[in-house]
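Any read-out appearing in this document is the output of simple, stated calculations on the displayed coordinates, not a laboratory observation. Keep in mind it's a predicted model, so treat the numbers as computed, not measured. Cβ: placed from backbone, ideal geometry, glycine included. Neighbour counts: every protein chain shown.
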Ligand code: FES
């Protein structure tokens with residue numbers, strides 16, 4: 001055996017021949033039982049499935065006949081190398097196979113039958129972790145904002161959203177989603193909210209952050225108004241794009257990831273505030289997803305400091321930028337864990353974590369967090385833990401949790 | 001307190017670069033045979049509690065820097081093997097159980113004994 005075969009040969013030597021999520025998460029289930037999560041509402045505001053595995057089903061939902069033909073050909077035949085309907089990203093999320101659920105994912109067995117494989121897999125890890133409800137997002141589509149053809153983003157977004165609502169959200173009420181918005185086309189974005197805003201399981205809408213759209217463009221105002229009227233939050237889901245000119249200067253994925261997954265959201269958040277959008281849409285709830293939280297005090301301090309000198313550039317604002325940021329929502333993952341917990345404590349205080357922070361796992365992605373990340377923190381009160389793990393999300397999404405917790 | 005022995009395997013059934021996982025109470029112990037030695041650690045990662053011993057065993061990756069400080073690539077160091085937790089990739093030095101990126105974290109280590117043809121861990 002050559003050492004170069006080690007990753008794969010060692011994987012094949014694993015106790016299980018194929019991946020079994022429940023077995024991989026045995027220790028998570030132990031945490032669940034030791035901490036008695038069954039009495040605790042846990043809502044995961046950001047987790048994923050791999051929609052690429054259902055791509056053939058999804059492209060059948062494309063409405064434009066010419067594009068649908070093209071997508072079907074690319075998916076069933078094509079060169080087999082790549083499909084332009086789900087562009088991949090250069091990257092090493094699996095740490096070269098070290099995070100074994102990546103290379104082994106396809107080997108996991110699920111029963112054939114009525115229940116979609118993605119529902120089965122999602123419920124498997126939810127149950128192991130003790131999670132009651134999730135907000136499910138796609139994976140490769142997170143990169144769709146950098147697709148050069150806006151019409152591909154629009155068509156794929158509609159096809160995916162139709163497929164997701166009909167096959168996943170309608171069939172499993174513990175799985176919710178904030179639907180993908182084709183944000184590079186403001187009119188199609190508006191229509192998406194109009195058409196899907198009242199669908200079962202749709203608790204909001206989501207913009208993938210790695211793109212160059214200007215969130216303050218007048219073309220988006222009707223969408224924000226509609227969302228505000230519907231009472232549905234707007235989320236920005238972080239992502240990276242290694243081809244972005246500044247990220248292209250990084251040569252190790254650790255830097256690409258650590259920076260990429262924060263700075264697109266930081267730019268959108270700064271633009272959102274200095275253009276006075278919180279003043280124009282005071283009831284619209286904004287969620288920043290998957291950037292961790294260490295950036296929040298950083299941006300608050302930067303903007304407040306500049307604002308005191310340059311308030312003439314953002315005359316709409318009626319209070320400090322940080323005060324608007326304190327009214328926004330943030331998902332916790334990947335929660336930075338400084339050795340000195342007082343740093344985290346200060347961050348929580350600055351962002352009003354007790355009411356604004358939402359636990360998220362990001363499972364099955366490589367830097368996932370378990371509920372214990374919050375539950376075990378000695379710096380949080382019991383109530384704060386309950387809020388962050390589930391209660392904040394319950395009120396934000398106005399979720400009826402009585403099926404899991406009958407009165 | 002007297003230590004208990006947990007049977008791991010017969011020596012002939014435990015080859016170089018192999019790992020066995022044996023149950024111990026509410027958890028497990030991962031036993032490794034590598035570079036001619038035996039090691040045993042609790043199957044519980046110091047990060048988020050993942051099954052550290054159910055992942056890969058990888059040689060350490062090292063940077064190749066020339067005398068003039070120019071970067072020449074990377075290589076594997078087969079003398080230093082790492083237990084890699086499959087949940088997020090924390091790497092532990094097989095010899096000590098210390099987490100290589102921050103050595104204050106470690107896996108709980110157990111003693112391994114060989115008696116005759118049999119291998120045991122002491123708990
Ligand atoms: S639990 Fe082991 S690396 Fe995270």
Note to self: Counting other beta carbons within 10 Å of each residue's own, what order do A:308, A:222 fall into, fewest first?
What the structure shows: A:308, A:222
Notebook entry, point to check: At 222 nm, what helix-only mean residue ellipticity would chain A give, in deg cm²/dmol to the nearest 500, using -39500 (n - 2.57) for each DSSP H run of four or more?
Noted result: -11500 deg cm²/dmol
Notebook entry, point to check: How much of the DSSP beta bridge set in the protein assembly as shown is antiparallel, as a percent to the nearest 5?
Noted result: 65
Next item on the list: Return the single residue from A:82, A:194, A:93 with maximal mean-square fluctuation; model: Gaussian network over chain A, springs between Cα atoms under 10 Å.
Entry: A:82
Check: Hey, fewest Cβ within 10 Å first, where do A:181, B:44 land in order?
Finding: B:44, A:181
Margin query: As a footprinting exposure proxy, order A:300, A:350, A:141 by other Cβ within 10 Å, with the fewest listed first.
Written below: A:350, A:300, A:141
Check: What span do the alpha-carbon atoms of the stretch B:5-122 cover on each of the three principal axes, reported in whole Å from largest to smallest?
Finding: 53, 32, 19
Next item on the list: Quote the relative contact order of the stretch A:8-397 in percent (integer), defining contacts as alpha-carbon pairs under 8 Å separated by 6+ residues.
Entry: 18
Notebook entry, point to check: What is the mean number of Cβ atoms from other protein chains located within 10 Å of the Cβ atom of each residue in peptide B:16-29, rounded to a whole number?
Noted result: 2
Next item on the list: Pop out the Kirkwood hydrodynamic radius of the stretch A:286-407 from its pairwise C-alpha distances, inverse of mean 1/r, in Å to one decimal.
Entry: 15.6
Note to self: Normalised radius of gyration for the protein assembly as shown, please: alpha carbon Rg relative to 2.2 N^0.38 Å, two decimal places.
What the structure shows: 1.03
Next item on the list: Could you check the simple spin-label distance between residue B:103 and residue A:120, using points 7 Å along Cα→Cβ, in nm with one decimal?
Entry: 4.8
Next item on the list: Choose one answer from A:106, A:114, A:232: the residue with the largest mean-square fluctuation in a GNM of chain A with alpha-carbon springs under 10 Å.
Entry: A:114
